[in-house]
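Worksheet: one structure, shown below.
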């Protein structure tokens with residue numbers, strides 16, 4: 001689903017950087033490229049740096065934990081990250097993976113986060129969570145909620161049951177915000193399709209999946225009625241607000 005929008009997202013990024021090598025610096029400085037793609041690309045480079053194991057002592061004879069040494073290592077990593085370049089094949093591959101990840105995360109964040117954080121495990125370490133969160137740009141309240149949960153409860157790991165409860169609380173709060181200020185929650189979804197398709201509306205199916213992901217059955221029912229009975233296939237924010245404000249399904253928008 002949404003294959004055409006994903007293909008367009010990929011094309012718009014890869015057509016802006018056509019060289020045999022593409023630097024991370026040029027990607028991060030490109031104001032036309034979405035921030036969610038930039039965040040993914042930067043996290044990938046940081047993953048490469050982690051694999052280099054900079055500053056990890058092998059003999060135990062040097063104090064790599066010294067604040068001064070850690071500050072220098074951090075600066076070295078910054079310089080290396082800034083100068084990193086992708087080969088053409090690497091750039092095409094990462095753009096493909098990033099775009100699919102972004103679409104999954106923006107449209108169904110709960111499902112995607114669970115798969116991405118836990119990878120079929122029941123418990124993940126706080127460090128693993130921190131590394132995974134580097135990839136996320138949209139919906140910062142999820143990352144903030146996880147970090148605050150671990151810090152306030154002095155936890156060094158996150159269980160899938162704890163995450164489900166935490167995510168449920170966050171989503172319940174967000175559903176309340178939907179009725180007051182839809183833009184505050186839905187802006188990433190609308191921005192995603194604005195970049196990919198040059199439209200200020202999103203497919204009704206994308207909104208339905210988004211609210212199913214949150215367990216917001218009433219909103220799902222209204223959107224499905226608008227799609228199936230009123231044949232509204234694309235929904236902009238003003239239309240979405242009218243759908244929410246309608247007293248009942250029979251009072252929804254007239255057929256377009």
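The values are calculated or read from the model by the stated rules, or taken from the named source; none is laboratory data. Nothing here was measured: the structure is a model prediction, and the numbers come from that model. Quick reminder, even Gly has a Cβ in these numbers, built from the backbone with ideal geometry, and neighbours come from all protein chains shown.
Of note:
- Condition broken by residue 95, with the remaining ones in (1) surrounded by fewer than 18 Cβ atoms within 10 Å (Cβ to Cβ); (2) assigned to a helix (DSSP H, G or I) satisfied: (1)
- The stretch 15-37, residues that are under 23 Å from residue 189 (Cβ atoms) and in contact (Cβ under 8 Å) with a residue 40 or more places away in the chain: 34, 35, 36, 37
- Of residues in the stretch 113-145 being surrounded by 15 or more Cβ atoms within 10 Å (Cβ to Cβ) and under 9 Å from the mean Cα position of the chain (by Cα), the one nearest to residue 160 (Cα to Cα): 113
- Hits in the stretch 146-188 - residues which are crowded, with 16+ Cβ neighbours inside 10 Å and without any contact (Cβ under 8 Å) to a residue 12 or more places away in the chain: 185
- Unique residue being more than 19 Å from residue 107 (Cα to Cα), at pLDDT 90 or above and not assigned by TED's automatic domain parsing to the domain that holds residue 2 when the list is 199, 255, 214, 242: 242
- Matching residues, the stretch 81-91, being surrounded by 15 or more Cβ atoms within 10 Å (Cβ to Cβ) and in a helix (DSSP H, G or I): 81, 91
- Given (1) assigned to a helix (DSSP H, G or I); (2) under 30 Å from residue 17 (Cα atoms); (3) in contact with a helix residue (DSSP H, G or I) (Cβ under 6 Å, 6 or more places away or on another chain), index of the condition residue 101 fails: (3)
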